[in-house]
Amino acid sequence: NAMRLFAEKGIKQVTMDDVAAGVGISKRTLYEQFPNKEELLVTGCIIHQQIMNEDLSLYCEQHDNVLLVILHFYEETVKHMAVIHPNFFEDLVRYPRMVEFIAQNDKEHIEESTRWLQRGIDQGLFRQDLNLEIRLNVIHEAMKHVKTDTTLRRRFPPAEPDPAAARP
């Protein structure tokens, strides 16, 4: 899939020819669906974000403890980020719609994180005098570091494909 290619190699290194070949369609068919790489990238990131949100929502339904939810979210994020080539994040800034998407996504994450931290205060897990703004800025900066920390690749190597899954 296109997003896997972008994640493995970086966006700049992947051509639309690579994507078409990777998904088994003609380049013309690809361009009929996505007029350029940025449209493909934005669509792929939106779909990926929806999947991540659904997974987190499912986990939240099964666990009421805020600490478990927060730890699960960050564990999944670190695992996900560990398999993304650092150039992916460097390349993103070349695409204005992606910069806009990331800014909006960051804003939504901060709002959601505020709700979860407040819920943790209400559950008695965090101190009442917790400065949410400072805490969220620390978390946000930590996540920026996760995006570019290549040592994570060694800790969470990409999963090997299941050969049985490839059989018809």
Q: Test residue 54 against the criterion of being more than 25 Å from residue 123 (Cβ to Cβ) and either in a helix (DSSP H, G or I) or in contact with an Asp or Glu (Cβ under 7 Å, 6 or more places away or on another chain) (or both), and give yes or no.
A: no
Q.
Consider the stretch 3-22. How many of its residues are without any contact (Cβ under 8 Å) to a residue 60 or more places away in the chain and open to solvent by 70 Å² or more (accessible area, probe 1.4 Å)?
A. 3
**Q.** Residue match in the stretch 29-37 (condition: modelled with pLDDT of 90 or more and either under 18 Å from residue 85 (Cα atoms) or touching a strand residue (DSSP E or B) at 6+ places or on another chain (Cβ under 8 Å) (or both))
**A.** yes
Q.
Criterion first (more than 15 Å from the chain's Cα centre (by Cα) and modelled with pLDDT of 85 or more) does residue 104 satisfy it?
A. no
Q | Qualifying position, being at pLDDT below 65 and surrounded by 11 or more Cβ atoms within 10 Å (Cβ to Cβ), among 126, 156 | A | 156
Q | Pairs with Cβ under 9 Å, 6+ apart, first in the stretch 76-88 and among the basic types (Lys, Arg), second open to solvent by less than 50 Å² (accessible area, probe 1.4 Å) and modelled with pLDDT under 80 | A | 79/152; 79/156
Q) Across the stretch 85-131, what is the number of residues that are within 19 Å of residue 60 (Cβ to Cβ) and either among the β-branched types (Val, Ile, Thr) or touching a Ser or Thr at 6+ places or on another chain (Cβ under 7 Å) (or both)? A) 3
Q | Filter result for the condition that a residue is among the small types (Gly, Ala, Ser) and farther than 22 Å from residue 90 by Cβ, over 21, 7 | A | 21
Q.
Just to be sure I understand, how many residues within the stretch 42-89 are of a type in the set (D, E, K, R) and either surrounded by 13 or more Cβ atoms within 10 Å (Cβ to Cβ) or closer than 19 Å to residue 104 by Cα (or both)?
A. 4
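The values are calculated or read from the model by the stated rules, or taken from the named source; none is laboratory data. Note that the coordinates shown come from a computational prediction; the quantities given were computed from them, not determined experimentally. Note that each Cβ is placed from the backbone with ideal geometry, even for glycine, and that neighbours are counted across all protein chains shown. Side chains included, ligands, DNA and RNA excluded: accessible areas come from the protein's heavy atoms. Shrake-Rupley method; radii C 1.70, N 1.55, O 1.52, S 1.80 Å.
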